[in-house]
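The values are calculated or read from the model by the stated rules, or taken from the named source; none is laboratory data. What you are looking at is a predicted structure, and each value in this text was computed from that prediction instead of being measured. Quick reminder, even Gly has a Cβ in these numbers, built from the backbone with ideal geometry, and neighbours come from all protein chains shown. When the accessible area is computed, the model is the full protein with side chains, heavy atoms only, and any ligands, DNA or RNA have been set aside. Shrake-Rupley method; radii C 1.70, N 1.55, O 1.52, S 1.80 Å.
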Amino acid sequence: MADVAIPAPGTARRATARTALRLVHDDPQLLFASVLLALLAALAALGPVLWPQNPLALNIGEALRAPSPAHPMGTDNVGRDVFARFCAGARISLSVGAIVTAAGAAFGSLIGLGAGTLGGWLDAVLMRVMDAILAFPPLALAMAVTVGLGVGLKTATLGIVLTSLPYFARLLRSEVIKIRTLPFVEAATAIGAHPSWIMWRHILPHTLSTLLIQSAAVFGYAILTLAGLGFVGLGAQVPTPEWGVMITNGLQYALTGQWWIGVFPGLGVLAVVTATSIIADRLRDALDPRGRYAHL
Amino acid sequence: MIRTVGGRLLGSLAAIFGASVVSFLFLRILPGNPARLILGPLASQQAIQQQVRLMGLDRPIYVQYLRYISSFFSGDWGFSYSNGRPVREVIATRLPASIELGLYAFAFAFVAAVVLALLSTYRHRPVVDGTVRAISFFGLGTPPFWFGLLLLLAFSQALHLLPGPEGRLGPAVAPPPTVTGLYTVDAVIAGQWGTLGNALQHLVLPAVTLGLAPFAYLVRLLRVNLLEVSREQFITVVRSKGVGRWTAYVRHALPNAFLPTLTAGGMVLAQLLAGSVLVETVFNWPGVGALVVDSILRQDYAVVQTFILLSAFAYVALNLIVDVLYGVIDPRVRTPTGAR
Amino acid sequence: MDEVLLSVRGLRTEFVTRDGVFAAVRDVSFELRRGEKLGIVGESGSGKSALALSIVGLIEPPGRVVAGEVELNGRRISGLPDRQLQLVRGKEVGLIFQDPMAALDPVKSIGDQIVEGIRRHRRHLGRREARRLAIELLREVQVPFAERRLADYPHQYSGGMRQRVMIAIALANEPDLIIADEPTTALDVTTQAQVLDLLDRLVSERRTAIILITHNLGIVAEFCDSVHVMYAGRFVERTTVEQLFRAQAHPYTEALLRSVPRPDRLQRGPLPSIPGFPPSLAHLPPGCSFAPRCPAAQEICRDRAPATVELVSESTPVLAECHFARERLRT
Ligand SMILES: Nc1ncnc2c1ncn2[C@@H]1O[C@H](COP(=O)(O)OP(=O)(O)OP(=O)(O)O)[C@@H](O)[C@H]1O
Ligand code: SF4
Ligand SMILES: [Mg+2]
């Protein structure tokens, strides 16, 4: 690692882009995953433009309609268009996934970097707290947080962020400890560079790839957990077009024949999570053949 | 050997201690008066004051902790106001359902993982391997409650092969006389074969639903290990003795690949036994998972507190069992290294 | 002279990799007689192990034997279905592998691993009898306290002891041919000598034929009757041991010999090693595959692959694949 020449930023970016393209081209599963994710992102972003139906508008007269050209995914028990709700759900899930990943990566990394570089009692305390978080089933912990702070989408997100912290913190800490002993970092320390400077200049760049892999895994995990919380009523609340909430709603009607209410949102979760876990898997193969991060 | 066993026991004790501290602090972290949290929003002022004395909330914190622990071990787990019964009774009625479901789910996850991992890595067949990998991605990416819904749609609603979400037994079937609380076992003990069949039918879909994600996780782990082991030289050596490909694979590659999976298996089982709200909700399964969520929602924290500690016990116990199993299966753990 | 035991004709083994298909063994032919001790030498990656595995049909995907014939005891064994090859492996041919630390199943006892081979080919034997045989085998390969050590596991054996177990496994059914792939590389000098003595005794007692694959020309000089030099998947020189050390028909052989430290040529300074790298099998040069590294290379070497030249030098036959083999031996 230490003796790899660092190319100029521009070439690096171009090379990365080309490598990424080649990877996708060589691997049909990866291609499939990327296309799927792009498609869902497009639906999330452009849904209201492409399909200008209000996901919240009730229309009892149109309730429980099977999928048709007018309602590609049918309508639910109070006549809301399931496709419009599906797109809105994609927006919620992807945003929560992104927020959790970003926040978890930022705070988790900070904790790990701090614990790893500063060491001592701070390290011990921080890591014990992280262990304690990991000891709980993630769903139960997220539930406890939401209940403590009041049930809703925001608190659910917060709870999921909390459960994601240890994955990043542990990863970064172990990376820091490993890198700290590399010759060039030791040299920087010897010539009196400040710890935070060393962290910024030397350690972060080296951990970016592992961070990326972990982020992809956490993204899928966040979406799955959000849907679970929504399903048991501890996440997004009822009219919100969140996929987990929609599945709960669909459950009652599935057994009387209106399968589409619950099946489509579930497909959405499945698609996002599968796509990200395939991407995480391939990232790992490409960047980190030995595997240092946790499987979620 | 003695030292490692001692070390592990010490580790387990530490883990239990940690969990007991967490479950003890649980009520104190939540905003509000712990006595009120335990008794619920409807308790009278007088009852709360009595509870404060009972819990020793006016005493130093370590005394409170010691009281909590000693009453836990003496079997006094508190009172569940939302059920109107002692926590121990409430949990005792729910736990067997979760344990039975968890065991069947684990059996499914485990057997399916071993079989599919063997198939996917045996003889380098990309199509089989690709299919198994796709299945495992599906298993990891599927929301379990949604998968349960799909299974119900297919096997209950469309094909009428298996019962719908009606819990552990059909409405017309009486539970067998309680011995273990596991209906399938109790039915066998009582010789009620009809009840056994009915209970098994009701277990299929929930067990598969609950076991799907653990299955996917185990199959991935086992697949990688198998790939690694099957490249080892000793497999070629076995083959050079004239042993067939499949025999070499099952007799030599599998046990070696299996060892690193054991720890993961123990953790998976511990989680499964603790019940799952998501799956229990879909199938109306009367387990602890649903009980705990109900209790959270109704702010009946005595139940939650007990549940935390009990899961910690299960977790620690299973880890100990796994350690013992390692000793049985892996000679490198059982006997000292080095030439005699 | 003894009858021919093994005959290999035009054996070719290919591996499919990301970078394309390449042949690790390229149309190799040779014969082996009963009681013969043949050495195969060559650099790492020249295809020695691949050849050994190809002979007994143990090449696994992504590798494949694509051409050639192998005859053992006058019977064709190449191309047989695996079920029938299983009856040959461990019975007529015993294999000894490179790395004793990796060659035994870590979770099965030594006894079980020897018994497995015995009972595979002598199904009528009971467990007890098979165990008795296993003890005898361990005694024969000089494992002390054989009876007690049968129940031990590989991690309780030292490297040398494990290699003896490997030999016991290979000997279990008194094979006619033993292929030993670097059986001594991982061992210290004393153990090396003991293992070679053991193999030597076998040959004289049972007329077993041995193919000994090694990097070590010293071992070849001491142990073998004849020697084949492998380079980039082909035998570039085949002759007797005496002849090989007397004069080398192929420049690669000469370079190999020169890279060996020899006590009679005590020298200071670094050992001469063969300049350049072994060729990538995926991108072999069009002419002689040794040409890029050959000090004697001429124009013709880069254009045309040399054919096998049959020579006789001091009444020993020499087969070499070099355009100038004849001239080289004459000078
Ligand atoms: N399973 C495999 N997949 C791809 N290539 C392989 C495989 N096994 C062997 N090879 C290739 O075949 C060639 C010959 O390998 P082989 O192991 O026969 O060499 P060797 O002469 O035995 O070397 P060494 O002295 O190091 O044992 C090498 O280039 C190697 O990379
Ligand atoms: S043919 Fe030419 S290049 Fe090849 S070994 Fe002979 S002299 Fe060297
Ligand atoms: Mg080799």
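Taking segment C:21-59 as the range and being open to solvent by 20 Å² or more (accessible area, probe 1.4 Å), among the basic types (Lys, Arg) and outside any loop (DSSP other than H, G, I, E, B) as the test, the residues that pass are C:26, C:33, C:37. Taken over segment B:275-303, the criterion of being in contact with a Phe, Trp or Tyr (Cβ under 8 Å, 6 or more places away or on another chain) and facing another protein chain (nearest Cβ under 8 Å) is satisfied by B:278, B:281, B:282, B:292.
Screening residue A:268 with (1) of a type outside the set (A, V, I, L, M, F, W, C); (2) farther than 30 Å from residue B:133 by Cβ; (3) open to solvent by less than 50 Å² (accessible area, probe 1.4 Å) gives one miss only, at (2). How many residues are touching a residue at least 12 places away in the same chain (Cβ under 8 Å) and either more than 21 Å from residue C:159 (Cα to Cα) or within 9 Å of chain B (Cβ to nearest Cβ) (or both) if we restrict to segment C:115-128? Result for segment C:115-128: 6.
If the condition is being open to solvent by 50 Å² or more (accessible area, probe 1.4 Å), more than 16 Å from ligand 3 (Cβ to nearest atom) and in contact with a helix residue (DSSP H, G or I) (Cβ under 7 Å, 6 or more places away or on another chain), then segment C:154-199 contributes only C:174. Of all residues assigned to segment A:199-218, at least one qualifies as being touching a residue at least 60 places away in the same chain (Cβ under 8 Å), within 13 Å of another protein chain (Cβ to nearest Cβ) and buried (at least 20 other Cβ atoms within 10 Å of the Cβ). Any residue at all in segment B:304-321 that's within 7 Å of another protein chain (Cβ to nearest Cβ) and open to solvent by 10 Å² or more (accessible area, probe 1.4 Å)? No: zero hits. Counting only residues that are farther than 26 Å from residue A:144 by Cα and open to solvent by 10 Å² or more (accessible area, probe 1.4 Å), segment A:247-265 holds 10 of them. One residue stands out in segment B:130-149 among those that are free of Cβ contacts under 8 Å to residues at least 12 places away in the same chain and more than 7 Å from chain A (Cβ to nearest Cβ): the one that is least open to solvent (accessible area, probe 1.4 Å), namely B:130.
The criterion of at least 3 residues that are more than 14 Å from ligand 1 (Cβ to nearest atom) and within 14 Å of another protein chain (Cβ to nearest Cβ) is met, among helices (runs of 4 or more DSSP H) falling completely within segment C:158-249, by C:159-171. For residue B:232, the criteria (1) more than 8 Å from every other protein chain (Cβ to nearest Cβ); (2) touching a residue at least 12 places away in the same chain (Cβ under 8 Å); (3) surrounded by fewer than 24 Cβ atoms within 10 Å (Cβ to Cβ); (4) more than 30 Å from residue B:167 (Cβ to Cβ) hold in every case but one, which is (1).
Taken over segment C:82-93, the criterion of being facing chain B (nearest Cβ under 7 Å), surrounded by fewer than 24 Cβ atoms within 10 Å (Cβ to Cβ) and in contact (Cβ under 8 Å) with a residue 60 or more places away in the chain is satisfied by C:91 alone. Is there a residue being open to solvent by 40 Å² or more (accessible area, probe 1.4 Å), within 14 Å of another protein chain (Cβ to nearest Cβ) and under 28 Å from residue A:84 (Cα atoms) anywhere in segment A:239-246? Within segment A:239-246, not a single residue is open to solvent by 40 Å² or more (accessible area, probe 1.4 Å), within 14 Å of another protein chain (Cβ to nearest Cβ) and under 28 Å from residue A:84 (Cα atoms). Regarding segment B:165-178, can at least one residue be identified that is more than 8 Å from chain A (Cβ to nearest Cβ), crowded, with 16+ Cβ neighbours inside 10 Å and without any contact (Cβ under 8 Å) to a residue 24 or more places away in the chain? Yes.
Kindly provide the set of residues from segment A:53-63 that are more than 13 Å from residue A:83 (Cα to Cα) and open to solvent by less than 90 Å² (accessible area, probe 1.4 Å), ordered by number. If you could, list the steps in order and put the result at the bottom.
Step one: list which residues in segment A:53-63 are more than 13 Å from residue A:83 (Cα to Cα), which gives A:58-63.
Answer for segment A:53-63, where residues must be more than 13 Å from residue A:83 (Cα to Cα) and open to solvent by less than 90 Å² (accessible area, probe 1.4 Å): A:59, A:61, A:62, A:63.
Of the residues making up segment A:129-156, those that are facing another protein chain (nearest Cβ under 9 Å) and out of contact with any Leu (no Cβ under 8 Å at 6 or more places or on another chain) number 7.
In this structure, is residue A:156 touching a residue at least 60 places away in the same chain (Cβ under 8 Å) and of a type outside the set (Asp, Glu)? Please lay out each step first, then the result.
Working: touching a residue at least 60 places away in the same chain (Cβ under 8 Å): yes; of a type outside the set (Asp, Glu): yes.
Considered against the rule, which asks whether it is touching a residue at least 60 places away in the same chain (Cβ under 8 Å) and of a type outside the set (Asp, Glu), residue A:156 comes out as yes.
Please enumerate the residues belonging to segment C:200-216 that are more than 14 Å from residue C:97 (Cα to Cα) and away from ligand 3 (no atom under 16 Å from the Cβ). Hits for segment C:200-216 are C:200, C:201, C:202, C:203, C:204, C:205, C:206, C:207, C:208, C:209. If only residues of segment C:94-107 that are closer than 19 Å to residue C:138 by Cα and more than 7 Å from chain B (Cβ to nearest Cβ) are counted, the one that is surrounded by the fewest Cβ atoms within 10 Å (Cβ to Cβ) is C:101. When the residues of segment A:3-52 are filtered to those that are of a type outside the set (A, V, I, L, M, F, W, C) and modelled with pLDDT of 80 or more, the one that is most open to solvent (accessible area, probe 1.4 Å) is A:28.
Return yes or no: is residue C:78 within 16 Å of ligand 3 (Cβ to nearest atom) and either at pLDDT below 95 or open to solvent by 10 Å² or more (accessible area, probe 1.4 Å) (or both)? Let's see the steps before the verdict.
Details: within 16 Å of ligand 3 (Cβ to nearest atom): no; either at pLDDT below 95 or open to solvent by 10 Å² or more (accessible area, probe 1.4 Å) (or both): yes.
Here the answer is no, as residue C:78 does not meet what is asked.
For segment B:259-273, a residue qualifies if it is at the interface with another protein chain (Cβ under 9 Å from one of its Cβ atoms) and open to solvent by 20 Å² or more (accessible area, probe 1.4 Å), and exactly one does: B:271. When restricted to residues that are open to solvent by less than 10 Å² (accessible area, probe 1.4 Å), near ligand 2 (Cβ under 10 Å from one of its atoms) and among the hydrophobic types (A, V, I, L, M, F, W, C), segment C:237-256 contains 1.
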